[in-house]
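Every read-out reported here was derived from the displayed coordinates using simple, explicitly stated rules and does not represent laboratory data. Everything numeric in this text was worked out from a predicted model, so none of it was measured. Using ideal geometry, Cβ is built from the backbone for each residue, glycine included, and neighbour counts are taken over all protein chains shown.
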Amino acid sequence: MGNITDYVNNFQHTFRESAFSEVDSLVLCQLSYLKMKHLIPGLEDGADFLLFREIAAKEHEEQIFADERYREDNQKLVEAVLRSRRFAELKLNYYIDILDKEMEIQFSAVTCCAGEDADGKPIFYIAYRGTDENLVGWKEDFTLAFSEPVVGQLYAARYMRKAAGHLPGDFYLGGHSKGGNLAVFAAMSSSAALQERIREVFSHDGPGFKPQVLERYEYERISEKVNKILPGSSLVGMLLENGSAYHVVESSSFGLWQHNPYTWVVDPEEGLFLHREDLKNGAKFMDTAVTDWILGLDDEQVGRFSDVLFKVLGASEADNLIDFKNDWKKSLSGILQELKELDEETRTEIEDILKELFDIAGQMTKREIQSRIQEGFQGIQEKFSRKKEKK
């Protein structure tokens, strides 16, 4: 067993020989985290697709591996892709990368052509980047769970319409984390004619939507094309999960670390994720508690909570997680000072909002314990019944 890099290294069938899969989708989504501004043509350039091996040339390494979180793993993945027979024809185009602190937007997407399928048709894939190292993106992620819709989702829909306008035939789309949410939103908010051209939508541990958003954009029109994939201890992907179908994969890590795509277990010889029957019990319980908490807050509470939370984080004077980590003493000092300066009314309100979360979690814990006790008693009764039958 291995991860997506092992898969790329070992699974050497071309797309003509073996169909595009959910593992291929995650590979392309992870490549969307590379920093490729000015290396790939934009939507308005009207240029041809560029071979990935030209984009990932040695002289561009410092730029494309700038995200420290995934630097080492991304380097190994890129090296594998450059050696791969399966991804030998990989090309990219229509790159967009927006970071607007005032509007609180972090949005990036790229369109891939992975090669040709068994029918000789090009395999196009629109990949939306998830949250990168910038704090702006993390705030957008936070508001994404509460709002309907956020600007980034509207950007995603517009990007898909424009990119699809350049593409002949059908296409896939997807993303990891926030990118998965953006892909689903773009698909469900598009026209019926465009939806017909969508082969499949991949959401790799991407959060869901408030019920009113699903209703407004008639999610059921594309629900059968959505392939939602979660690790066993998913938290991000189960936020606002609406009960739709999803697949669960094994991870080599635990807890929140399972959100990292490089921990997802792949059988590199078969080219498939190692699936499990369902989420772990603890993850299901926690996800339901957080979702209930989110849906219980009104828009005004959400706005104040979000503003205070990121005002406190902003006091660290770090624009991104790399700076935050590199000078954590200074970052922590700024946060503690900001917390002290919150007025009593604001502090009390934030405490009340958080108390709601803990109350919900507490109630669910009681129900979970009661359920397990009841299951235990049922198991004991069944054992006694079987023993009586044998006598």
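Here are the numbers:
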quantity	calculated
20 Å reach of a label modelled at H13, 7 Å along Cα-to-Cβ, counting backbone N of the range 196-219	200
Sites W257 and R216, calculated FRET efficiency, Cβ-Cβ separation with R0 41 Å, nearest 0.05	0.75
Two-site label geometry, I98 and Q195: point separation in nm, points 7 Å out along Cα→Cβ	2.4
Out-of-range pairs (alpha-carbon distance over 28 Å; input K91/K162; K76/K162; K37/K225; K35/K178; K37/K76)	K76/K162; K37/K225
Full-extension gain in nm, R85 to H275, via 0.36 nm per residue minus C-alpha separation	65.8 nm
